[in-house]
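A quick write-up on the structure given underneath.
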Number of protein chains: 4
Amino acid sequence: MKVINLGENNSVLNQYISEIRDKTIQKDNMRFRRNLERIGEIFAYEISKTLEYKTKEVETPLGIANCNVISDTIVLGTILRAGLPLHQGLLNVFDGAQNSFIAAYRKYGKDNKFNIQLEYASTPAIERKTLIIADTMLATGASMVLAYDRLIESGEPLHVHIVCPVACVTGIDYLAKNLPHKKVTLWVGTVDEELTNKSYIIPGLGDAGDLAYGSKI
Amino acid sequence: MKVINLGENNSVLNQYISEIRDKTIQKDNMRFRRNLERIGEIFAYEISKTLEYKTKEVETPLGIANCNVISDTIVLGTILRAGLPLHQGLLNVFDGAQNSFIAAYRKYGKDNKFNIQLEYASTPAIERKTLIIADTMLATGASMVLAYDRLIESGEPLHVHIVCPVACVTGIDYLAKNLPHKKVTLWVGTVDEELTNKSYIIPGLGDAGDLAYGSKI
Amino acid sequence: MKVINLGENNSVLNQYISEIRDKTIQKDNMRFRRNLERIGEIFAYEISKTLEYKTKEVETPLGIANCNVISDTIVLGTILRAGLPLHQGLLNVFDGAQNSFIAAYRKYGKDNKFNIQLEYASTPAIERKTLIIADTMLATGASMVLAYDRLIESGEPLHVHIVCPVACVTGIDYLAKNLPHKKVTLWVGTVDEELTNKSYIIPGLGDAGDLAYGSKI
Amino acid sequence: MKVINLGENNSVLNQYISEIRDKTIQKDNMRFRRNLERIGEIFAYEISKTLEYKTKEVETPLGIANCNVISDTIVLGTILRAGLPLHQGLLNVFDGAQNSFIAAYRKYGKDNKFNIQLEYASTPAIERKTLIIADTMLATGASMVLAYDRLIESGEPLHVHIVCPVACVTGIDYLAKNLPHKKVTLWVGTVDEELTNKSYIIPGLGDAGDLAYGSKI
């Protein structure tokens, strides 16, 4: 698994990450969602540099232009609900993509420990396509691995890109161990060092789902 | 249950409904999703006329203005995946709303018959709030009644608005029978007469989820 | 001239107007522009109820639907620069409209008095079309009358809709006197009583252009 | 003057450029504008990699994060009307930027020759700021040089970025000759070889203003 940290070199991405982290700016949940959408757009654009292109003759009102267009079939997968604004950003860029939605949740048992349960999955066939799976945060990595395993059940993709703007070391290690294939690239925007015993990233940003969509029962 | 058909009087809503129905225009799924988003914005605006408002003193750079602002707490519920672009439109209007996501699917048995299964539900408490549940189409009405029942488990809302731009008579009747409370308003944009034996609305528009997000396996 | 005040009956429009007026919320100029855009969308939708429609047979994947679509040719005119976010909202709704851009500015002479100067105008022919001219504020009304006169030079429109979310009595009276034609409708969201001697509306919201785009020299 | 051609290495930018060039896809002017907006977002993001950043302590709900945020003051200038959708894309990325609007037009004399006339300019002070001037096409380069000269009247910017997604050799040469300063970077997406005797780029895309906003008289 290749890891690319887009935040290492400065761009407006770092500005947006500072805003989604910021306790005060978080109070405006329209801006919080909008920032995740813009972050998704940036990752989509950077991923687009790695895709395959073919040349096409395009007829303009005044002549013929040779243009390069994407030849990959793209599937945008996301983990509900926190991944939705990010997914919106990816879809803004790849407007003709197919889409997968996965719902996972933390099922708490005794001692406040939890397992990730997969609930809902809606997906096209993945075989020979470029799969991009997005979730706002990469904490333990457990839900991402579950989502990955579920999505590739229907066949082997050409390449898998995993997009997690706010990641932590634990999650990256977990993915490296559990997704050891060569054709996986993990894209992150920042790498935080710690995970609380409730599996929240520190400093992180809190609960991305709650900040985008309100708390749930 | 009160039924309001916004399409009865002409507005740009009817233009958008003509576009989402149109086989040729449907090929552009960015426009398909955008039209559902705009349709969601229109329903949200019309629903906003029925909400409660309170007066607030607002300090402008040049004086004090008495403004009316919404006093209801709004929860926007949607049924995945077809309801998502519509939900985006509702959220564009009510940007500070809380949100519920419900996943339901058609589980086929023998003879091609199906039951609607509820899979995933993420919701805040609903008690004393204004609940708006949106799905693009109202076919049999079964998934909407399941979603409704699931969402109100946590308490009684002040009012429930159900938004289904493309509805059919069967579904409306089913809701009227199964949601007999006074505090439910069903908002539709067009009422089609028929339902196929596979429960597709005719003329309808086809499969809204596939048109927005690609077909699934 | 007919005057319609959409703010008289409560809707989410009043929420947005309270936000664009609010000194504190104004600090977020992305939200300020977004609110003007949403306000533009609401006015466009309400105006769409007054347009002409024709019935069209639309082929869906499952049948034929009779749909009503707009038959008017619409021209969206705006006054730069304060009108631009509002114009964006109108164009979001009427995406196939033609567009006019007018630039006017206040030319100050002695004693801090000013005349409105028309600088730039880019416009299609208006003859037999529905013209919608938008500007965020209606203060003295002088620039709106200049814009109106300039746009109708090329022919008589079927109807003219003037959209000014924040208006004052002086401006409305000036328009009524200078645009006495039957086919003009003025749409406002709030009517403020006063105008300062520098022609700022009180309580108003300050300078809409500066709040959207930053101050200018 | 440094020239950067973002289209040389494949990315989704090339897909968008193929779409704005395409006679058939151009019929959907909502998509045409949206593509220009997305193109503007891509250029803004790439330009953001060249800006100055400063570190800021940000308080998250769970800790303190050191984040890098932009320290430049950005002014987004555009040439009306063709540059507006592109400007919208730049503003989507740099939402707190200040803005300049310039209107220029081709004034035709005898023999179908024309001069570019500057009409309207609304701009903040530019001194010590980062100025980004955007126009969809760079044909002769005359209007861009006029806009540049007008905008820097009020002081010397730190750096000037000129964004012209569809450029031709003639225009690039003209800018290189007339903007010989070291602190100017020209960003293009494609370089076309020819210019007609009416100064249209071949193969180009036709008239960007007409395609976005309808033809004008």
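Quick look at the values:
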{"quantity": "Residue check, B:Gly171 of a type outside the set (Lys, Arg), within 14 Å of B:Asp135 (Cα to Cα) and free of Cβ contacts under 8 Å to residues at least 60 places away in the same chain", "calculated": "yes"}
{"quantity": "In the stretch C:121-133, residue nearest to D:Ser122 (Cα to Cα) [restricted to those that are within 10 Å of chain D (Cβ to nearest Cβ) and polar (S, T, N, Q)]", "calculated": "C:Ser122"}
{"quantity": "Any hit, the stretch A:34-55, residues being touching a Gly at 6+ places or on another chain (Cβ under 8 Å), at pLDDT below 95 and among the small types (Gly, Ala, Ser)", "calculated": "no"}
{"quantity": "Where A:Val163 falls short, out of the listed (1) without any contact (Cβ under 8 Å) to a residue 40 or more places away in the chain; (2) within 20 Å of A:Leu36 (Cα to Cα)", "calculated": "(1)"}
{"quantity": "Residue among A:Ala208, A:Ala121, A:Ala147 that alone is within 17 Å of the chain's Cα centre (by Cα) and closer than 30 Å to A:Asn10 by Cα", "calculated": "A:Ala208"}
{"quantity": "Positions within the stretch C:14-44 being in contact with a strand residue (DSSP E or B) (Cβ under 7 Å, 6 or more places away or on another chain) and at the interface with chain B (Cβ under 8 Å from one of its Cβ atoms), in sequence order", "calculated": "C:Asn14, C:Gln15, C:Ile17, C:Ser18, C:Arg21, C:Asp22, C:Lys23"}
{"quantity": "Condition broken by C:Lys198, with the remaining ones in (1) farther than 28 Å from D:Gly209 by Cβ; (2) at pLDDT below 90; (3) in a strand (DSSP E or B) satisfied", "calculated": "(3)"}
{"quantity": "Considering residues of the stretch C:155-187 that are crowded, with 18+ Cβ neighbours inside 10 Å and either assigned to a loop (DSSP other than H, G, I, E, B) or within 14 Å of chain B (Cβ to nearest Cβ) (or both) only, the residue modelled with the lowest pLDDT", "calculated": "C:Leu179"}
{"quantity": "Any hit, the stretch D:128-138, residues being more than 23 Å from D:Lys216 (Cα to Cα), part of a strand (DSSP E or B) and of a type in the set (Ser, Thr, Tyr)", "calculated": "yes"}
{"quantity": "Test: residue in the stretch D:113-120 that is in contact (Cβ under 8 Å) with a residue 24 or more places away in the chain, within 9 Å of chain C (Cβ to nearest Cβ), outside any loop (DSSP other than H, G, I, E, B) and not β-branched (Val, Ile, Thr)", "calculated": "yes"}
{"quantity": "Flag for A:Arg81 being closer than 26 Å to B:Arg81 by Cβ, more than 10 Å from chain D (Cβ to nearest Cβ) and within 13 Å of the chain's Cα centre (by Cα)", "calculated": "yes"}
{"quantity": "Matching residues in the stretch B:56-99 - criterion: being hydrophobic (A, V, I, L, M, F, W, C) and in contact with a Gly (Cβ under 6 Å, 6 or more places away or on another chain)", "calculated": "B:Leu62, B:Ala82, B:Leu86, B:Leu90"}
{"quantity": "Candidates D:Thr55, D:Thr50, D:Thr60, filtered to the one that is surrounded by fewer than 19 Cβ atoms within 10 Å (Cβ to Cβ), without any contact (Cβ under 8 Å) to a residue 60 or more places away in the chain and β-branched (Val, Ile, Thr)", "calculated": "D:Thr55"}
{"quantity": "Selection status of A:Thr185, of a type in the set (Ser, Thr, Tyr) and in contact with a Cys (Cβ under 9 Å, 6 or more places away or on another chain)", "calculated": "no"}
{"quantity": "Residue match in the stretch D:82-90 (condition: in a loop (DSSP other than H, G, I, E, B) and either at pLDDT 95 or above or over 30 Å from A:Arg21 (Cα atoms) (or both))", "calculated": "yes"}
{"quantity": "Residue list for the stretch C:75-119, restricted to those being under 25 Å from B:Arg38 (Cβ atoms) and among the hydroxyl-bearing types (Ser, Thr, Tyr)", "calculated": "C:Thr78, C:Ser100"}
{"quantity": "Filtered residues of the stretch C:45-68 (kept if in a helix (DSSP H, G or I) and more than 7 Å from chain B (Cβ to nearest Cβ))", "calculated": "C:Glu46, C:Ile47"}
{"quantity": "The one condition in (1) within 18 Å of D:Leu146 (Cβ to Cβ); (2) surrounded by fewer than 23 Cβ atoms within 10 Å (Cβ to Cβ); (3) facing chain C (nearest Cβ under 8 Å); (4) not charged (D, E, K, R) that D:Gly109 fails to fulfil", "calculated": "(3)"}
{"quantity": "Of the criteria (1) within 14 Å of another protein chain (Cβ to nearest Cβ); (2) touching a Gly at 6+ places or on another chain (Cβ under 7 Å), which one D:Thr140 fails", "calculated": "(1)"}
{"quantity": "Selection from the stretch A:91-112 of residues that are closer than 12 Å to B:Tyr213 by Cα and outside any strand (DSSP E or B)", "calculated": "A:Leu91, A:Phe94, A:Asp95, A:Gly96, A:Ala97"}
{"quantity": "Residue, nearest to the other protein chains (Cβ to nearest Cβ), within the stretch A:188-217, restricted to residues that are within 12 Å of A:Val169 (Cβ to Cβ) and without any contact (Cβ under 8 Å) to a residue 40 or more places away in the chain", "calculated": "A:Ile202"}
{"quantity": "Filtered residues of the stretch C:1-33 (kept if closer than 26 Å to D:Gly96 by Cβ and either part of a loop (DSSP other than H, G, I, E, B) or among the aromatic types (Phe, Trp, Tyr) (or both))", "calculated": "C:Tyr16, C:Asp22, C:Lys23, C:Thr24, C:Asp28, C:Phe32"}
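The values are calculated or read from the model by the stated rules, or taken from the named source; none is laboratory data. Note that the coordinates shown come from a computational prediction; the quantities given were computed from them, not determined experimentally. A quick note on method: Cβ atoms are made from the backbone with ideal geometry, for glycine too, and the neighbour counts reach across all protein chains shown.
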